[in-house]
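Remarks on the structure that follows.
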Amino acid sequence: MSEQVALTGNEVMSQAMRQINPDVVAAYPITPQTAIVQTFSQFVNDGDVDTEFVPTESEHSAMSATVGASASGARAMTATAANGLALMWEVLYIASGTRLPIVMPVVNRALSGPINIHCDHSDAMGARDSGWIQLYAENAQEAYDNAIQAVKISENKDVMLPTMVNMDGFIISHAVENLNLLADEDVQDFVGEYHAENPLLDSENPVTVGPLDLQDFYFEHKMQQAVAAENVKDVVLEVAEEYEELSGREYGLFEEYKLDDAEVAVVALGSTTGTAKTAVDNLRENGVKAGLSKIRLYRPFPAEEIAEALADLEAVAVMDRAETFSTTGGPVFADVRAALYDMGADVEAVNYIYGLGGRDLKVEEIESVYKDLEEIVETNTVEDRVQHLGVRE
Amino acid sequence: MVKPGDGYKEIPEGGLILESGNAKRYETGGWRTQRPVIDLDTCINCFRCWAFCPDSSIETEDEEIVGVDYDHCKGCGVCAHECPVDAIAMEQE
C-alpha cells in the first residue's frame, strides 16, 4: 500500500523520519533544512511519533546529542545543511569513528562566504572524507527512498557507519513534487527495530564509549572503518533489492541513463541529473549518442563499477557542484578520473564546475557540454581540462 | 580482554571497551617524577591521605595505612600536603 502525494522535498523527508519513528532526534534549524525539523517537531508535538526531540543550541550540540543517543542504543537522527554541517565537523568524525549508525538528511547548500543560502555541494563534498556514507538524490522521491534505505544500510552489522542523505537545497527541498509514500507499517517493517550490540545504557553489560586511543590501537580502529567502508557497496545493493520488492522502485550504486551504446557521456549527481536526462533525450533525437551516469552512492566511491560503465565511451564530462580550489578540478572529477586510470580506460575525461551558490544550469548548457565532448573526440584535443560552466566573465 | 599487539580483526569496533573496571590494569606509575614515601612510625592512621588520593593508591590493611601502590600513584603529592603529622616525604624518582 502506498499513497500518492504532492509534497516538497523537506516535507517528504520529514514524512520519512515520521515513518522511521526514530527514538531520538536532536536538531537545530538552518535554511534550507528548517522545514524538515519544524515539520518533524510538529509530529512529536502531536504524538505521531515516539521520538524524544532535543532542540539544541547549535549544530555542534545537535550532532553531539545524536552521538550520545546513538551510543546509548537509540536509533538517532538529525538533519542539517551548509554551515550547520560545517559546525558539526569534529563530531562527524566521532560518529563514524565510534561506528554509530546515525542517519542525517543534508539539504545541500553553498558554504559561506560570501554568504549564500542556495544549492551547491560544497557542504557535503567537504565532509566526503569524514567516514560517513553519502547518498545523493535526483529528486524528492529518491531522497525519501534513500532516507529509508539508509537506516538499513547504516545499521547493517558489516557496516555500522553513519549516512548523509543528500538532497539539493531549494531545487529539491522547496519544490513540490508528485511522489509516492510507502505505508507507515511497511516502512516500520522494512527498517525493523534497532538493537545496538553494546549500548551504553545496558547496566548489566557496562561498556566504555570514546576512550583515549593512542599509537597502539587507533590505527587498528581506522582499519576496521576502512573494512566497513569496503562492505558498503554490497549492502547498498542488498538493501536496494529488498526496497524494490517493497516499493517497485529500482536503485543501484549509480544509474545508467542511455549509457549502453553512448559515445559521449556526463557523470553527475544531485538534481542536475534530471536536467541532464532531458539534454540526453534532445541530443539522441539529433543522432548524438549521448548518455548519463548518475551517481547515487558517492562515499564510499564505487570506482570499479563506475569505470566499467564508462570504459567504452570516447569522452566523458564530470560535473562538480563544488569548487575545491585545487586547480585540478572538483572532487567527483578526481574520483572518476582516478577510477578510469586504474581501469586503463582510453576515455578522455574533462571537468565542469557548475551551479555554485544556486546558479541554475539549463538544458542548453548541458547540451553544450556534450558538444564540447564531440569536439574533443573529433579533434583528439582537450583545450581546457577543467572549466567553469555558467559563470560570467 | 584486549591485549597489547592485538590486530584489527580481534578488537571491539569503534574503540569500545567492553570490560568494566579495567583501568586498574593500566599502570600509570611511570608518569611519576616524585614518589611519596610514608614513615609508618610517624603515621597516626588518620586516613586523610587515603581520602584525598585521586588515584586510590594508598594501601591499607586491617584499617591501617601500610604503603603506596606505586603501579598507579602518579606522584601528585596531595597525600604529603594533607598529612597532618608530616609522615609523607616526596622523594625524587
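Would you mind checking the pairs B:3/B:74; A:294/B:9; A:152/A:277 and listing those with alpha carbons more than 27 angstrom apart?
Values: B:3/B:74 23 Å; A:294/B:9 35 Å; A:152/A:277 29 Å.
Among B:3/B:74; A:294/B:9; A:152/A:277, the Cα-Cα distance tops 27 Å for A:294/B:9; A:152/A:277.
Tell me, what does the Kirkwood hydrodynamic radius of the stretch B:27-92 come to in angstroms if you use every pair of distinct C-alpha atoms?
Values: mean 1/r = 0.0863 Å⁻¹.
In the stretch B:27-92 this quantity evaluates to 11.6 Å.
Could you work out how far helix A:331-343 tilts from the main Cα principal axis of chain A, as a 0 to 90 degree angle to the nearest 10?
70 degrees
Calculate one ³J(HN,Hα) per residue across the stretch A:386-392 by plugging θ = phi - 60° into the Karplus curve 6.51 cos²θ - 1.76 cosθ + 1.60, and present them in order as whole Hz with x for glycine and proline.
Those phi angles translate into 10, 10, 10, 9, x, 9, 8 Hz.
Hey, rough spin-label estimate for residue A:3 and residue A:158, points 7 angstrom out along Cα→Cβ, what's it come to in nanometres?
Once both label points are built, they end up 3.6 nm from each other.
With axes computed from alpha carbons, what is the tilt in degrees of helix A:34-45 against the longest principal axis of chain A, rounded to the nearest 10 within 0 to 90?
Result, in degrees: 30.
Could you work out which residue, out of B:29, B:21, B:77, moves most in a Gaussian network model of chain B, that is, has the largest mean-square fluctuation with Cα springs under 10 Å?
B:21
What is the Cα centroid distance between the stretch A:260-325 and the stretch B:34-77, reported in whole angstrom?
Centre-to-centre distance over Cα atoms comes out at 71 Å.
The stretch A:125-189: which trypsin sites (Lys or Arg not before Pro) are DSSP loop and have at most 14 other beta-carbon atoms within 10 angstrom?
Numbers: sites: A:128, A:152, A:157; in loops: A:128, A:157.
When the trypsin sites (Lys or Arg not before Pro) of the stretch A:125-189 are filtered for loop state and at most 14 Cβ neighbours within 10 Å, A:157 remain.
For residue A:308 and residue B:56, what is the calculated FRET efficiency with R₀ set at 41 Å and r taken between the beta-carbons, to the nearest 0.05? Walk me through the numbers before you get to the answer.
On the way: r = 61 Å, r/R0 = 1.49.
That gives a FRET efficiency of 0.10.
Any idea what Rg and Dmax come out to for chain A if you just take the C-alpha atoms, in Å?
Taking only Cα atoms of chain A, I get Rg and Dmax of 20.8, 71 Å.
Once the piece of chain linking residue A:230 and residue A:387 is laid out straight, how much longer is it, given 0.36 nm per residue of separation minus the C-alpha distance between them?
Values: separation 157, 0.36 × 157 = 56.52 nm, distance 3.23 nm.
Extending this stretch completely gives an extra 53.3 nm.
To two decimal places, what compactness ratio does the stretch A:1-136 give when its Cα radius of gyration is scaled by 2.2 N^0.38 Å? Walk me through the intermediate numbers first.
Details: Rg = 14.3 Å, N = 136, 2.2 N^0.38 = 14.2 Å.
This ratio for the stretch A:1-136 stands at 1.01.
If you take the alpha carbon radius of gyration of the stretch A:254-389 and divide it by 2.2 N^0.38 Å, what ratio comes out, to two decimals?
Values: Rg = 13.3 Å, N = 136, 2.2 N^0.38 = 14.2 Å.
Scaled against compact globular proteins, the figure is 0.94.
Over all residues in A:111-124, what is the mean tally of Cβ atoms on other chains that come within 10 Å of each residue's Cβ? Don't skip to the answer; put the middle values down first.
Working: counts 0, 0, 0, 0, 0, 0, 0, 0, 0, 0, 0, 0, 0, 0.
What the average comes to for A:111-124 is 0.
Using θ = phi - 60° and the Karplus relation 6.51 cos²θ - 1.76 cosθ + 1.60, list the HN-Hα couplings for the stretch B:17-28 in order, rounded to whole Hz, with x at every Gly or Pro.
10, 8, 10, 7, x, 8, 4, 5, 8, 9, 7, 9
Sequence-distant or interchain residues sharing an amide H contact under 5 Å with residue A:349, placed H: which?
A:316
Could you tell me the calculated FRET efficiency between residue A:341 and residue A:193, based on Cβ-Cβ distance and R0 = 35 angstrom, to the nearest 0.05?
Details: r = 44 Å, r/R0 = 1.27.
Efficiency, rounded to the nearest 0.05: 0.20.
Please check: in the Gaussian network model of chain A (C-alpha springs, under 10 Å), which one of A:71, A:303, A:124 has the largest mean-square fluctuation.
Ranking A:71, A:303, A:124 by mean-square fluctuation puts A:303 first.
Starting from the amide H of residue A:133, placed 1.01 Å from N in the peptide plane, find each other amide H under 5 Å away whose residue is 5 or more places distant or on another chain.
Here the answer is A:163, A:164, since their amide H atoms fall under 5 Å of that of residue A:133.
Which of B:38, B:65, B:17 ends up with the largest GNM mean-square fluctuation for chain B, with Cα atoms connected below 10 Å?
B:17
In nm, to one decimal, how far is the residue B:81 label point from the residue B:25 one, both placed 7 Å along Cα→Cβ?
3.3 nm
Compute the long axis of helix A:140-155 from its Cα atoms, compare it with the longest principal axis of the Cα atoms of chain A, and write down the angle in degrees, 0 to 90, nearest 10.
50 degrees
Within the protein assembly as shown, which cysteines find no other Cys whose Cβ is under 4.7 angstrom from their own?
A:119, B:43, B:46, B:53, B:73, B:76, B:83, each lacking another Cys Cβ under 4.7 Å.
Using θ = phi - 60° and the Karplus form 6.51 cos²θ - 1.76 cosθ + 1.60, what ³J(HN,Hα) does each residue of the stretch A:195-203 get, whole Hz, x for Gly and Pro?
Per-residue couplings from phi come out as 10, 5, 6, 9, x, 5, 8, 7, 5 Hz.
Sequence neighbours fewer than 8 away in the same chain don't count; with that in mind, list the aspartates and glutamates whose C-alpha is under 20 Å from residue A:362.
Once the sequence-local aspartates and glutamates are set aside, what remains near residue A:362 is A:120, A:138, A:168, A:177, A:281, A:285, A:320, A:323, A:372, A:374, A:393.
Give the separation of the Cα centroids, the stretch A:151-165 to the stretch A:204-227, in Å.
Using only Cα atoms, the two centres lie 18 Å from each other.
Within 10 Å of each Cβ in B:13-26, how many Cβ atoms from other chains are there, averaged over the peptide?
Values: counts 13, 18, 15, 12, 8, 6, 4, 4, 2, 1, 2, 0, 0, 1.
That average works out to 6.
Using a 7 Å offset from the Cα along the Cα-to-Cβ direction at both residue B:74 and residue A:184, what is the distance between the two label points in nm, to one decimal?
5.2 nm
Counting only other chains, what is the mean number of Cβ atoms within 10 angstrom of the Cβ of each residue in peptide A:221-233? It would help to have the intermediate numbers written out before the result.
Values: counts 7, 1, 3, 7, 3, 1, 3, 2, 0, 0, 0, 0, 0.
For peptide A:221-233, the averaged partner shielding equals 2.
Where a number appears in this text, it was derived from the coordinates with a stated rule and is not lab data. Quick caveat: nothing in here was measured; it's all calculated off a predicted structure. In this analysis, Cβ positions are derived from the backbone assuming ideal geometry, glycine residues included, and neighbour counts consider all displayed protein chains.
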